[in-house]
Amino acid sequence: MPLFSRIPYTQAASGAVNTAPETAFAMPARHNGPNRSDWSDWPDWPGRMPDRYGRAKSAPDVTALLSALACYAEEYCMRQGLTWRLILTLLVILTAVVYLLPGTSLVQNSSLKRFLPDARINQGLDLMGGIHLTLGVDVDKAVENSLTQTGQAIRSYAREKNIVVLRPHLLAGETLEFILAKPEQQAEFDELLAKSFPQLVMGSSQPAPDGGLRYTATLRPEDRREMTSMALKQVLTAIRNRIDQFGVAEPDIREQPEVNRIVLQLPGIKDADRAIQIVGQTAHLEFKLVRDDVDPSRASRGLLPPGTEVLQLQGKAGTAPVDIVVNKEALMTGEYISDAAPAMDSQNNQPYVRLSFNSRGAGLFERVTGDNVGKRMAIVLDGKAHSAPVIQQKIGGGVASITGSFTTVEAQDLALVLRAGSLPAPVTILEERTVGPSLGQESIDQGVKAALVGGIAVILFMALYYGLSGLIADLMLILDVLFILAGMAFFGATLTLPGIAGIVLTLGMAVDANVLVFERIREELRAGLTPLAAIRTGFARATVAIMDSNLTTIFAAIVLYQFGTGPIRGFAVTLTLGILASMFTAVFVSHLVYDLWMGPKGRKLSI
């Protein structure tokens, strides 16, 4: 088909040229005569030029020809662009529906569920009820434990090179002290420290009273910050694993590194007391050496040797606990536990917890027990000694047990928290709030009611004030809600009561974008443009203002999400998704609907 054959044009006999923006200027049909360059069919052209035989021929105005070609190119591109815009819109709507279907009751119990993505919108604590906890993490204790383990590692590494290191222990101010027994090995020992322990800042070595060299070491500031951050993340991971094993649906667990805290929201929980006990039980497991050479009664008189403390050893059922003296420094901690399970002692029919260590923990446990054969080792959990057995021999294989006056449920819960991960630092509950499910249901009802009333009011106003264009805006609002909910399902976001407020606010902002476009189109119509030209110009000029206002709101929502807590973040999430959806529908989809409705020739516009 000839390039210009589809373009309407004005007949030369009329003597007029249609210059309306929606009608493309076109070339006339070609002649079949020998002179293919005859331009006499064109309307009145302003200039004429002779051919080689001296005959006067019409010469087209170059400006008018270029204008005609530009109009054709614009119309052609718009018709071609309409196809891909329609395909893109349908794909986005289809994707949104696919992500929303798994959350509907019709799909949850059908075989169609396995073909759909595993995505759904979680309900927040204020909607489902549950508990809110704020935990404080003692990261200083984690640093002390790490330094203690470093002291044991220095002793072990030195032993492999036949270097004797004595009494590694902690001093005040997170300082590690140890003794080099043979001063003549100083050069070799310094080389070992520099090569294997670069995280330590070594103080100057001093002569020890027994003839050795006294070393002190502290952590580099950057390594201490990294260790503190890692301890907080390990606590976060361990608590998340415990909550997952406990079976709490959609927990919201976030860290606050600037204050060393962790915030938990456990919606829909049934047994609040047991959940608090599991989360609050830090399960900070330590293995400490018992000092049987020290009388515990001396503690009341302040006569305990340096580096020791008094703990209560839990007795068997029906017996009172007794005091024992242990070294403050832990021989090893529970961070090396790979598995824990409840078991039953066949001899006395008492529950206990069986532990298994990972490869590194197994080697450390074997070395610790081998160095302390004949001594008692207290198994300390959260500051309480549950048992203190005598080490009969070196224990290999990485297996140990915790005995005590446990009930079956207590043994199960202890195994659960140890299996999920023993915390590298003690944790205390700083705040506890319980939200009843009746309050959550009331919040849902009131929030849905507010959203429906606000949405219906906006829909009616737009339809009455803008006519058919208002109905198009109402269709965009429905798509906005669809895209917001689909986005929340895609990201696994939690819907809270402030989140519902964010959706209602977003609907108002989406209408605001449509109002900007409609009022701009009205201005162009009053200026004398045709409906098609007014629609194109109105969208083009209003888009800049829409993008500017919405982007600034998105920046504010990002700040709210970054520094806000759970409910504030829920508001920020729905607000951001709503703004992105409204920009897509108001600028892209509604323009597409107008182009489909008006067609290439245009029709009456109701606005």
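The values are calculated or read from the model by the stated rules, or taken from the named source; none is laboratory data. Note that this is a predicted model, so its numbers are computed, not measured. With ideal geometry, Cβ positions are generated from the backbone for all residues, glycine too; neighbour counts draw on all protein chains shown. All accessible areas refer to the heavy atoms of the entire protein, side chains included, with ligands and DNA or RNA removed. Shrake-Rupley method; radii C 1.70, N 1.55, O 1.52, S 1.80 Å.
Key figures for this structure:
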read-out: Meets criteria (surrounded by fewer than 19 Cβ atoms within 10 Å (Cβ to Cβ), among the basic types (Lys, Arg), at pLDDT below 90 and within 30 Å of Glu432 (Cβ to Cβ)) for Lys233; value: yes
read-out: Residue match in the range 401-424 (condition: over 24 Å from Arg159 (Cα atoms), touching a residue at least 60 places away in the same chain (Cβ under 8 Å), in contact with a Leu (Cβ under 6 Å, 6 or more places away or on another chain) and not assigned by TED's automatic domain parsing to the domain that holds Gln312); value: yes
read-out: Tabulated pairs, the range 217-237, first closer than 16 Å to His284 by Cα, second among the charged types (D, E, K, R) and at pLDDT below 85, C-beta under 9 angstrom, 6+ apart or interchain; value: Ala231/Lys141; Leu232/Glu255; Lys233/Glu255; Gln234/Glu335; Val235/Glu255; Leu236/Arg254; Leu236/Glu255
read-out: Residues satisfying the stated conditions in the range 200-212, i.e. buried (at least 16 other Cβ atoms within 10 Å of the Cβ) and either without any contact (Cβ under 8 Å) to a residue 40 or more places away in the chain or more than 16 Å from Glu144 (Cα to Cα) (or both); value: Ser205, Ala208, Gly212
read-out: Enumeration of residues in the range 146-173 that are closer than 25 Å to Arg225 by Cα and open to solvent by less than 40 Å² (accessible area, probe 1.4 Å); value: Ser146, Leu147, Thr148, Gln149, Thr150, Gly151, Gln152, Ala153, Ile154, Pro168
read-out: Residue selected from the range 80-96 under the condition β-branched (Val, Ile, Thr) and open to solvent by 60 Å² or more (accessible area, probe 1.4 Å), by the criterion modelled with the lowest pLDDT; value: Thr83
read-out: Selection status of Glu188, modelled with pLDDT of 90 or more and either open to solvent by 20 Å² or more (accessible area, probe 1.4 Å) or more than 42 Å from the chain's Cα centre (by Cα) (or both); value: yes
read-out: Any pair with Cβ under 9 angstrom, 6 or more apart, that starts in the range 157-185 at a residue that is assigned to a helix (DSSP H, G or I) and ends at one that is open to solvent by 90 Å² or more (accessible area, probe 1.4 Å); value: Pro183/Pro207; Gln185/Lys161; Gln185/Asn162
read-out: Residue check, Leu580 at pLDDT 85 or above, open to solvent by 50 Å² or more (accessible area, probe 1.4 Å) and farther than 20 Å from Met462 by Cα; value: yes
read-out: Failed item in (1) open to solvent by 40 Å² or more (accessible area, probe 1.4 Å); (2) polar (S, T, N, Q); (3) under 19 Å from Thr496 (Cα atoms), with Ser606 passing the rest; value: (3)
read-out: Qualifying residue in the range 427-448 (condition: within 26 Å of Gly383 (Cα to Cα), modelled with pLDDT under 75 and surrounded by 17 or more Cβ atoms within 10 Å (Cβ to Cβ)); value: no
read-out: Selection status of Cys77, open to solvent by 50 Å² or more (accessible area, probe 1.4 Å), in a helix (DSSP H, G or I) and either touching a Ser or Thr at 6+ places or on another chain (Cβ under 8 Å) or at pLDDT below 85 (or both); value: yes
read-out: Matching residues, the range 373-388, being in contact (Cβ under 8 Å) with a residue 24 or more places away in the chain and part of a loop (DSSP other than H, G, I, E, B); value: Lys375, Asp382, Gly383, Ala388
read-out: Residue count, the range 533-590 (criterion: among the hydroxyl-bearing types (Ser, Thr, Tyr) and not in a helix (DSSP H, G or I)); value: 1
read-out: Residue list for the range 323-376, restricted to those being open to solvent by less than 10 Å² (accessible area, probe 1.4 Å) and farther than 27 Å from Thr175 by Cα; value: Ala340, Val353, Leu355
read-out: Failed item, numbered, when Gln108 is tested on (1) modelled with pLDDT under 85; (2) open to solvent by less than 30 Å² (accessible area, probe 1.4 Å); (3) among the polar types (S, T, N, Q); (4) within 30 Å of Arg569 (Cα to Cα); value: (2)
read-out: Yes/no for Phe518 being among the hydrophobic types (A, V, I, L, M, F, W, C) and within 17 Å of Ala451 (Cβ to Cβ); value: no
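Condition check ((1) over 14 Å from Gly487 (Cα atoms); (2) touching a strand residue (DSSP E or B) at 6+ places or on another chain (Cβ under 7 Å)) across all residues:
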| residue | (1), (2) |
| --- | --- |
| Gly570 | no, yes |
| Thr574 | no, no |
| Ala581 | no, no |
| Thr585 | yes, no |
